[in-house]
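Every number here is computed from the coordinates shown, using simple stated rules; none is lab data. Small disclaimer: the values here were computed from a predicted structure and weren't measured. Glycine gets a Cβ as well: all are built from the backbone with ideal geometry, and neighbour counts include every protein chain shown.
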Amino acid sequence: MTEHPTIAQIRSYLPELVAIRRDIHAHPEMGLEEVRTSALVAAKLREWGVEVTEGVGKTGVVGTIKGQLPGQRAIGLRADMDALAINEATGAPHASQTPGLMHACGHDGHTTMLLGAARHLAEHRDFAGTVNLIFQPAEEGRGGALAMLADGLLERFPCDALYGMHNSPGMPVGQFGIRKGVAMAGGCMFHVRFTGKGGHGGSTPHLSVDLSIVQAHFVLGLQTIVGRNISAFDPAVISVGYIGGGAPDSANVMPAEMTVSGTARHYRDSTKEIIERRIRELAEGLAALHGAGVEVAFVWVAEPLVNADEQTDVAVAAASAVVGAAAVNPAIPPTGGGEDFAYMLKHKQGAFIRIGNGGASAGVHTPKFDFNDEAIPYGVAYWVELVKHELKL
């Protein structure tokens, strides 16, 4: 297939985009703390003649580009900017310079691809309407989408449709994937704290409340929720990731407090309600049975991400124009991962597409992950083609 015109046009400044990506990678920042990253984004947008608004949702940035052709339609293109609390182990020359933080999910690449599209669109305004470039903070569980929405994102920058993009390890570079309907899961972190009377596990266990038994029954009981309270045709996941109580050096002491924390994933609002109700009932019931106290807390960090049919069709058409229809999968399976772009899609319909990061790529949220710079031209071209499809005369 002949190289897409946008890819050919950005070749001259592709090295600059790669340098930007690697600079962001080397200086990771946690959600709502992206001060340096936001400043870099705003500076580049201004350098390229884009109207810039900073401080949207604390550290968010919005760039606005108006087309030269008459048109009232507006769309939003969104990228995320935050990093994760992981120690990097890539050994790359551009590896994180901040111990304990790294771009382990590719947000550095997402930001760079949208910046590349911003430069191209600012130089080629042959479209009708307005493009709002949304650089979102805090996608990784710190509420960045909600923060921008609460700050009037869609009132201040009206959009008729919203689009997002995320890299996919294992998918070859130059390929895209998407699906209509529910594409990603909603999810939470749950924290259950059991309390009771501690004591000596050897001489007087009968005078204590054995919280190890309470938490053991609770952990086992959690797995009955998906199997017996939720339809087999409605996917859901409940997993425990942390159990804590007592001290390793005092194994003969029965703890007076034990904590069980984990995650749950769902694809329907009704399933979310069942999960929260049954976890709470199970914890409270077991605590009462054994004479223990309990506190239950839920932190819902994502809603199910739902792609609208119309915008999915547009996304498929745009991606196909860049790489050919054979390189675009319009029906990829849904994933159990969460994505807080879903909160934006609750307010305005849109679509979220996957772009290949290479078959040899390490998985996201792992110490050896690195965004593949070879994907940058395809991401830029996709954004530009999307604008052409959405904002035509």
- Query: Could you give the dipole magnitude of the chain about its Cα centre, charging the beta-carbon of Lys and Arg +1 and that of Asp and Glu -1, in debye to the nearest 20?
  - Reply: 440
- Item | Cβ-defined net charge surrounding PRO304, 10 Å radius [Lys, Arg +1; Asp, Glu -1] | +1
- Taking K and R as +1 and D and E as -1, what net charge do the other residues with C-beta under 10 Å from the C-beta of ILE230 add up to? +2
- Note on the structure: Quarter of the surface of the C-alpha convex hull for the chain, i.e. direction-averaged projected area in nm², equals 21.1
- Item | Exposure proxy ranking, count of Cβ atoms within 10 Å, fewest first, for LEU14, LEU305, LEU289 | LEU289, LEU14, LEU305
- Note on the structure: With +1 at each Lys and Arg Cβ and -1 at each Asp and Glu Cβ, the charge dipole magnitude of the range 186-301 around its Cα centre, to the nearest 20 debye, comes out at 200
- Unit charges at the beta carbon, dipole of the chain: most positive-side option, ALA247, TRP383, HIS27: TRP383
- Item | Ordering of 22-31, 211-220 by burial proxy (mean other Cβ atoms within 10 Å per residue, highest first) | 22-31, 211-220
